[in-house]
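> Structure provided below as structure tokens; questions to follow.
Bear in mind that the values in this text are calculations on the coordinates, not laboratory data. Keep in mind that what you see is a predicted model, and the values were worked out from it rather than measured. Ideal geometry is used to build each Cβ from the backbone, glycine not excepted, and the neighbour counts take in all protein chains shown.
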Amino acid sequence: MSFKKIPEIEDWHLVTVSPALAPGAVHLWRIRTGDDGAALSRQRPLLSPREAERANRLRIRRHQARYVRAHAGLRAILTNYIDIKPQHIEFTYAKAGKPLLDGTNSDLHFNLTTSGDLALVAISGGEPVGVDCEWVRERKDMSAIAKRMFSAEEASRIATAEPDDRLMQFHLAWTSLEAGVKADGRGLARHKEPATQGDLDVGHCVPEHGFMAAVARRDLPPVRDWVTLELTPG
């Protein structure tokens, strides 16, 4: 497989209100977290005290801005589905730290991932979902990471691949792993344990040039059927 065979998302529909979430559908949202993202003055008030405290602990201004835009953006997205004001949405956290909606009867599932100036949110009705996005770049320790984190077959395939293909194979495996353990709530520390949700489908896409993303869920529709959305900057 080559990068060219991984679908590139070119149509991100700029919206203020999300379309209805059909049964079995996946909505994938893109959030700009860099300088071209939403105004921080409008985003900070949407954060919970816990999120605001965490943002304030980030000493590098760029990292703080990315965090604020990603987490405020998540809240602005969720409010379209559950009709609760962004700043009033409450989360509970699974053992490995995965956030879940608290205090609603909604069967809505979501997951957030961030990489550089890009964040993605996957939305799913009825089935837990995981999403991961990575900036595709060379890593000196790819083979060592592969041996520690992936199956023996995957690690061997990465180690013996040609340089260009090795980069692709590594990021395919890494995003698949991260999306999968986020979907079922295990977290990376427990990635060797059996999946709690059974077999998951994984779909890959290029959300933006230089990035690779994966979404994991049971009965995942093909990438061409995902609804791809972006909030109107506010």
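> Going toward the positive end of the dipole of region 3-231, with +1 on Lys and Arg Cβ and -1 on Asp and Glu Cβ, which of GLY24, GLY187, PRO7 do you reach last?
After comparing all options, I get GLY187.
> Pairs of lysines 8 or more apart, or on different chains, with alpha carbons under 14 Å: count those in the chain, would you? Spell out each step's value before the answer.
Working: LYS95/LYS182; LYS98/LYS182; LYS147/LYS192; LYS182/LYS192.
Close lysine pairs under the 14 Å cut-off: 4.
> Note down the nm distance, to one decimal, between modelled labels 7 Å out along Cα→Cβ at GLU127 and at ASP35.
Roughly 4.2 nm, to one decimal.
> In region 1-94, what GluC sites (Glu not before Pro) fall in a loop by DSSP, with at most 11 other Cβ atoms inside 10 Å?
Values: sites: GLU8, GLU10, GLU51, GLU53, GLU90; in loops: GLU10.
Here the GluC sites (Glu not before Pro) that fit, given the DSSP loop and packing criteria, are GLU10.
> Here is a further query. Along Cα→Cβ, 7 Å out, is where each label goes; now give me the distance between the ones at ASP164 and HIS88 in nm to one decimal.
It works out to 5.5 nm between the two label points.
> Still on this structure, I have one more. In degrees from 0 to 90, rounded to the nearest 10, what is the angle of the helix 61-82 Cα long axis to the longest principal axis of the chain?
It works out to around 70 degrees.
> Run the simple label-point estimate for ARG44 and SER106 please: 7 Å along Cα→C-beta, distance reported in nm.
2.6
> Return the label of the correct value of Cα Rg over 2.2 N^0.38 Å, as calculated from the structure shown, out of (1) 0.95; (2) 1.00; (3) 1.53.
Checking each listed value against the structure points to (2).
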